[in-house]
Amino acid sequence: MKRLLSIELQKIWMNKASRVLTLIYFILLSFIALIAAIKFDIGPFKFHLAEMGIFNFPFIWHFNTYVAAWLKFFLAIVIVSMMANEYSYGTLKQNLIDGLSKKEFILSKFLTVVLFALCSTVFVFVMSLILGLTFSSYTELDVIVMDLDYLLAFFIKLVGFFSFCLFLGILVKRSAFALGFLLAWSIFEGMMRAFLAFKVFPNSDTDLYIAQFFPLEAMSNLIVNPAPRLSVVQNIGKQIGIESDSVYNVDYLACFIVVIWTFLFIYFSYKLLKNRDL
């Protein structure tokens, strides 16, 4: 496994665009810390995000993983390009000629996906811990370790999403087309959700039950929008008569669904490569 992973990392590092995008991704992740510096004082109006509790334990695990998940598209480009370049530069054929089996080839790609997701998760964990210990009003150990399952959900979400990108890279062979397909699939899921909600099941929640099994929808359900959890948002809601009964815990059914999709993406990636005439 170490040999397979080292081959892939060398390919990525030797490609300037992939190297730059990877560095930009982790730099942007670190910019989450700059949110603490957002502060406006205009007369009696004072706005300081850090003082609104976004960096309080355990809320910080939810907030930071949600924000960081939006940046995954930078690495998605790297993952798609990683596969597309194999066809463009002929390295796939060369690897197979050199004795690498197709199963080992897919495994090397999947190991890279897992490594990217793991590094991202560890990075967010360390950054969140530092920010929390700096700004949180609650630093007791039992409070700090609450909601750490958001990191697990973040890891599963990245592995699932990057595996989908890997599958598209193998299916389409071109980076731009693969990313276009990803966008088209996202639109398709949105249209299907709307069709189920307004046409098939207009007076029930059955559409939500069905939609949760869509791949991108399941990934989205792993970490929901944390903004309504903020006390300031809840207080405003109460003042205008809006009570929220939303559930913000990690959805373990969504975790299971994403794991199944991840397996399917990798399996069909291997099947595509195995049956394709290179």
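Leu208 satisfies every condition listed in (1) open to solvent by 80 Å² or more (accessible area, probe 1.4 Å); (2) touching a Cys at 6+ places or on another chain (Cβ under 6 Å) except (2).
Being open to solvent by 10 Å² or more (accessible area, probe 1.4 Å), over 21 Å from His62 (Cα atoms), in a helix (DSSP H, G or I) and of a type outside the set (Phe, Trp, Tyr) is the filter here, so list the residues in the stretch 135-187 that pass it. Those that are open to solvent by 10 Å² or more (accessible area, probe 1.4 Å), over 21 Å from His62 (Cα atoms), in a helix (DSSP H, G or I) and of a type outside the set (Phe, Trp, Tyr): Leu171, Val172, Ser175, Ala176, Leu179, Gly180, Leu182, Leu183, Ala184, Ser186, Ile187. Output yes when any residue across the stretch 65-75 is touching a strand residue (DSSP E or B) at 6+ places or on another chain (Cβ under 7 Å), under 21 Å from Ser137 (Cβ atoms) and either at pLDDT 80 or above or outside any helix (DSSP H, G or I) (or both), and no when none is. No, the stretch 65-75 contains no residue that is touching a strand residue (DSSP E or B) at 6+ places or on another chain (Cβ under 7 Å), under 21 Å from Ser137 (Cβ atoms) and either at pLDDT 80 or above or outside any helix (DSSP H, G or I) (or both).
Quick check: is even one residue across the stretch 46-64 modelled with pLDDT under 75 and among the basic types (Lys, Arg)?
Restricting attention to the stretch 46-64, the residues satisfying the condition of being modelled with pLDDT under 75 are 46-53.
So of that shortlist, the ones also among the basic types (Lys, Arg) come out as 46.
The answer is yes; a qualifying residue exists.
The values are calculated or read from the model by the stated rules, or taken from the named source; none is laboratory data. For clarity, every value in this text was computed on a predicted model and none was experimentally measured. Virtual Cβ from ideal backbone geometry, glycine too; neighbours counted across all protein chains shown. Calculation scope for accessible area: heavy atoms of the full protein, side chains included, ligands and nucleic acids excluded. Shrake-Rupley method; radii C 1.70, N 1.55, O 1.52, S 1.80 Å.
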